[in-house]
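Below is one structure; the comments refer to it alone.
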Amino acid sequence: MVDGLRGLYPFDERVLAAMASVPRHLFVETALAPLAYSNKPLRIAANQTISQPYTVAMQTHLLQVRKWDKILEIGTGCGYQAAILVKMGAQVHSIERQKELYVQAQKTFLALGMDAIFSYGDGYEGWPLLAPFDRIVVTCGAPAIPQKLVLQLAVGGRMVVPVGNDTQTMTVVERLSDDQCQITTHGNYRFVPMLEGKETNAPFGDQRF
């Protein structure tokens with residue numbers, strides 16, 4: 001899987017090393033384990049998906065993770081993206097709106113002996129009590145850049161968020177000062193939608209094309 005990703009894009013080798021060290025098959029259903037290392041999204045519980053490896057690699061690459069970074073993840077899902085960030089030495093705080101996924105991700109982390117802080121909540125609200133964050137990654141498609149999350153980003157921090165409705169543009173928000181941000185875009189993707197509140201179903205999606 002990692003060799004395939006290396007041939008598709010010049011990803012940060014630290015990202016690829018982290019992905020090589022995380023057993024992706026443990027984050028999907030047993031029946032889908034033979035497909036876990038293929039470059040495609042797979043269905044997980046609650047009508048959600050685990051992003052295809054290319055998407056995980058790209059979001060992590062764009063995030064420019066540093067050791068000890070305090071990272072907020074919106075959309076825990078099965079926990080795979082959070083695991084990659086932990087392997088890179090980050091302090092991960094992850095919010096999930098689906099109770100089933102919130103519980104399952106913690107079980108998987110426990111089984112792997114990995115540490116992260118999880119919350120069952122509304123990603124649109126972020127985690128203001130723990131802000132500011134050095135990095136924020138959103139693993140679902142937001143119709144617009146979530147302003148509450150921008151305000152929880154430290155000055156000098158970066159947020160990676162897919163922005164759009166049916167199709168999303170991978171967007172990087174760099175907070176330059178209290179009132180100024182720089183925004184860049186990095187290709188088109190398709191994610192499940194970012195929804196307000198807790199525990200409602202979302203359609204199958206998330207793939208690069």
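The values are calculated or read from the model by the stated rules, or taken from the named source; none is laboratory data. Since this is a predicted model, take the numbers as computed values, not measurements. Neighbour counts are summed over all protein chains in view; Cβ atoms, including those assigned to glycine, are modelled from backbone coordinates with ideal geometry.
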- Message: Condition (residue is outside any helix (DSSP H, G or I) and within 27 Å of Asp12 (Cβ to Cβ)) applied to the range 81-88: is it met by at least one residue?
- Response: yes
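Scanning the range 50-75 for residues that are of a type in the set (D, E, K, R) and touching a residue at least 24 places away in the same chain (Cβ under 8 Å), which turns out surrounded by the fewest Cβ atoms within 10 Å (Cβ to Cβ)? Steps first, please.
Filtering the range 50-75 down to residues of a type in the set (D, E, K, R) leaves 66-67, 69-70, 73.
So of that shortlist, the ones also touching a residue at least 24 places away in the same chain (Cβ under 8 Å) come out as 66, 69-70, 73.
Numbers: Arg66: 13, Asp69: 20, Lys70: 17, Glu73: 28.
Step by step, filter the range 50-75, then rank; the result is Arg66.
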- For the range 14-23, indicate whether the set of residues that are at pLDDT 95 or above and crowded, with 24+ Cβ neighbours inside 10 Å is non-empty. yes
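Given the range 106-180, what strands (runs of 3 or more DSSP E) lie entirely inside it while holding 2 or more residues that are more than 17 Å from Val92 (Cα to Cα)?
Numbers: elements: 117-120, 133-138, 153-163, 168-177.
Per the criteria, 153-163, 168-177.
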- For the range 90-101, what are the residues that are over 14 Å from Thr49 (Cα atoms) and in a helix (DSSP H, G or I)? Lys99
- Residue within the range 35-45 that is of a type in the set (A, V, I, L, M, F, W, C) and in a helix (DSSP H, G or I) present: yes
- Item | the range 145-175, residues that are buried (at least 21 other Cβ atoms within 10 Å of the Cβ), over 21 Å from Ala57 (Cβ atoms) and among the charged types (D, E, K, R) | Arg175
